[in-house]
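Have a look at the structure below before the remarks.
The values are calculated or read from the model by the stated rules, or taken from the named source; none is laboratory data. Since this is a predicted model, take the numbers as computed values, not measurements. Here the Cβ positions follow ideal geometry from the backbone for every residue, glycine too, while neighbour counts run over all protein chains shown.
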Amino acid sequence: MENSSNKFITFFSRFLTWQLLIAVAIGAVAGYAYYYFIGCNSGTCPITSNPINTIFYGAMMGAILGFKDKTKTKNVEIESKNEQNLE
């Protein structure tokens, strides 16, 4: 049991970072602010007519923008090393 919980923690610790959690929180707040200030009063707008939908949508946008792609970071590091070797 203990071994499986360590695997679970290790798996999610690779993806859940403070940067991602902060981005999700900021996105959720921005989603609610969008609902509060701009939202749809008629109820016909599928995303902006309900605060739960806008909070969820904002959180997902924050997650997408806050997700750090490790392959891009590695590629940039490799390219910068290659440029230094050429000089």
Being surrounded by 14 or more Cβ atoms within 10 Å (Cβ to Cβ), outside any loop (DSSP other than H, G, I, E, B) and either at pLDDT below 80 or not aromatic (Phe, Trp, Tyr) (or both) is the requirement here; does Leu20 meet it? yes
With Lys81, Lys68 as the choices, which residue is at pLDDT 70 or above and of a type in the set (D, E, K, R)? Lys68
